[in-house]
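Below you'll find the structure, written out as structure tokens, and then a few comments.
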Ligand code: ADP
Ligand code: MG
């Protein structure tokens, strides 16, 4: 009977759980583990910084509905991955972050081991759960537990601590095979309480101005067919949250995204489908929402109900099952034609207003005309995945660029966090084999910019678009009374495209709409790494994008005193 290492047992456990890819950054003590995984047929993708690797794994989890796997080294590498672990948990993306760590008995006596850190406990507040494998014979259950936890209920990030001596340990091959397994029935159906379903029906039928709000929970649940059938059967208007854009084609007649403010303000019964009433929905409060609105909420996590506004009807269950239950309650359309007409009118007015802004052709460009170039490309190539981060680039892009297919918009998510861009782009590209555009503000790009090298090393069909208006929010800051660069200022005269060329990708520098159109079309056809530096007017954009209200204003005079 042969013997194998703990590392090999871990590979065996991951493979039995269907793992095809690991996103990581190696070093002590996981280098050989990564080599072994690769040689055993798991695709290993190496990054330049851990948060990008963990972000890539998180978006793989979101796209596949199975935990994405990341690998980091001890202490500093582990900590670099923590922001992405936390973001995945907040977003509800299934992820297993595996990290090597130093020897437990030295850590526990604070004996000053190499990169000594109590990673298992430190990860706790940032993860859905943390587990540590303390004996080689627990490798199987450790991995099974991580998988079960990451995707059950509301998905999230699981931290799995693997001390160096667990990787080195030796175990009988037969025993390794026995202890490693895949948990059964990982996608349990969960239907809602039938009394709640009946009440939901009643409330929706009585409503004069019902509205559906679709969130990324519905996109994660792959509930596009159920949700679209429901919308069309009832003829009910809906609003998609940012990453739910495309779950139903944004050009659908019942999408009231262009009349969002009116829809939220007026709706009297709101059905939340995989969307939380958090800050992104103003906590459901007036004046954004009708103070008398009643809420029905579909969610897998009971604690979510009543987190912000009273939820009249909680529909606890998995989204697809619950939407099917609801669908079966109705025979046909709701009688709400006046409400639809009111929304339609506003929608057309706003679309008209927005399209006027595309007509400006200045040099350097403003955001609207530049983003319209991307809109047109995505309309023609709807299977391209759009990753986006930034402030104005993100906010205006969300309004301007229609998404036509489910899960094709990947962005800053629940935290509105910067730094997800290239990690998400790489993850999306590898998991879907589709082309990706990473639409980045110049500031946002900086947080993961070195992954350009990763994109080139793997020769991925990713087009990075850097909208350079020379700063965080924008390049000019009227409040700067010194000769030093303002806190918000970044290089407007640089050449981001040269970063791409340095590693063998294709770079473009464009200053007007015509050049941008040609470059984007060309870059997409290349089917390889490309970066387009788009020169944007330094005065374009507003401070904090659409979040100005969250940015406490302190007068400069006051702060000097
Ligand atoms: P958005 O930011 O798009 O509004 P959120 O992330 O705030 O979306 O909300 C997503 C919600 O979807 C979460 O409350 C989560 O618990 C829920 N959810 C995730 N997966 C499922 C599922 N399979 N069934 C039902 N609800 C789900
Ligand atoms: Mg900027």
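Worth pointing out:
- When 439, 499, 430 are checked against the criterion of being in contact (Cβ under 8 Å) with a residue 40 or more places away in the chain, under 23 Å from residue 369 (Cα atoms) and more than 16 Å from ligand 1 (Cβ to nearest atom), a single residue qualifies: 439.
- Scan of the range 384-423 for residues that are within 16 Å of ligand 2 (Cβ to nearest atom) and on the phi > 0 side of the Ramachandran plot, ordered by number: 390, 416, 419
Conditions tested, residue by residue: (1) buried (at least 23 other Cβ atoms within 10 Å of the Cβ); (2) away from ligand 2 (no atom under 16 Å from the Cβ).
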position: 432; (1), (2): no, yes
position: 435; (1), (2): no, yes
position: 439; (1), (2): yes, no
position: 442; (1), (2): yes, no
position: 452; (1), (2): yes, yes
position: 471; (1), (2): yes, no
position: 477; (1), (2): no, no
position: 485; (1), (2): no, no
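- Residues of the range 485-523 classified as under 21 Å from residue 444 (Cβ atoms) and not in a strand (DSSP E or B), total: 24
- Taken over the range 108-137, the criterion of being farther than 18 Å from residue 158 by Cβ and outside any helix (DSSP H, G or I) is satisfied by 109, 110, 111, 112, 113, 114, 115, 116, 117, 135.
- Checklist (1) in a loop (DSSP other than H, G, I, E, B); (2) touching a strand residue (DSSP E or B) at 6+ places or on another chain (Cβ under 9 Å); (3) within 18 Å of residue 458 (Cα to Cα) applied to residue 29, failing item: (3)
- So residue 89, is it assigned to a helix (DSSP H, G or I), out of contact with any helix residue (DSSP H, G or I) (no Cβ under 7 Å at 6 or more places or on another chain) and in contact (Cβ under 8 Å) with a residue 12 or more places away in the chain: no
- All conditions but one from (1) farther than 15 Å from residue 139 by Cβ; (2) in a loop (DSSP other than H, G, I, E, B) apply to residue 19; the one that does not is (1).
- Sole residue being closer than 30 Å to residue 17 by Cα, within 21 Å of the chain's Cα centre (by Cα) and more than 16 Å from ligand 2 (Cβ to nearest atom), chosen from 218, 192, 176: 218
Residues are listed down the side, and each one gets a yes or a no for (1) under 22 Å from residue 263 (Cβ atoms); (2) exposed (fewer than 13 other Cβ atoms within 10 Å of the Cβ); (3) within 16 Å of ligand 2 (Cβ to nearest atom):
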| site | (1), (2), (3) |
| --- | --- |
| 299 | yes, no, no |
| 303 | no, yes, no |
| 312 | yes, no, no |
| 315 | yes, no, no |
| 320 | no, no, no |
| 325 | no, no, no |
| 336 | yes, no, no |
| 344 | yes, no, no |
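- Any hit, the range 95-107, residues being surrounded by 24 or more Cβ atoms within 10 Å (Cβ to Cβ) and part of a loop (DSSP other than H, G, I, E, B): no
- The combined condition, being in a loop (DSSP other than H, G, I, E, B) and in contact (Cβ under 8 Å) with a residue 60 or more places away in the chain, is not fulfilled by residue 140.
- The single condition from (1) without any contact (Cβ under 8 Å) to a residue 40 or more places away in the chain; (2) buried (at least 22 other Cβ atoms within 10 Å of the Cβ); (3) within 25 Å of the chain's Cα centre (by Cα) that residue 11 fails is (3).
- Any hit, the range 459-467, residues being surrounded by fewer than 17 Cβ atoms within 10 Å (Cβ to Cβ), in contact (Cβ under 8 Å) with a residue 24 or more places away in the chain and under 26 Å from the mean Cα position of the chain (by Cα): yes
Each reported figure results from applying straightforward, stated rules to the coordinates on display, with no laboratory input. Keep in mind it's a predicted model, so treat the numbers as computed, not measured. Reconstructed Cβ throughout: ideal geometry from the backbone, glycine too, with neighbour counts over all protein chains shown.
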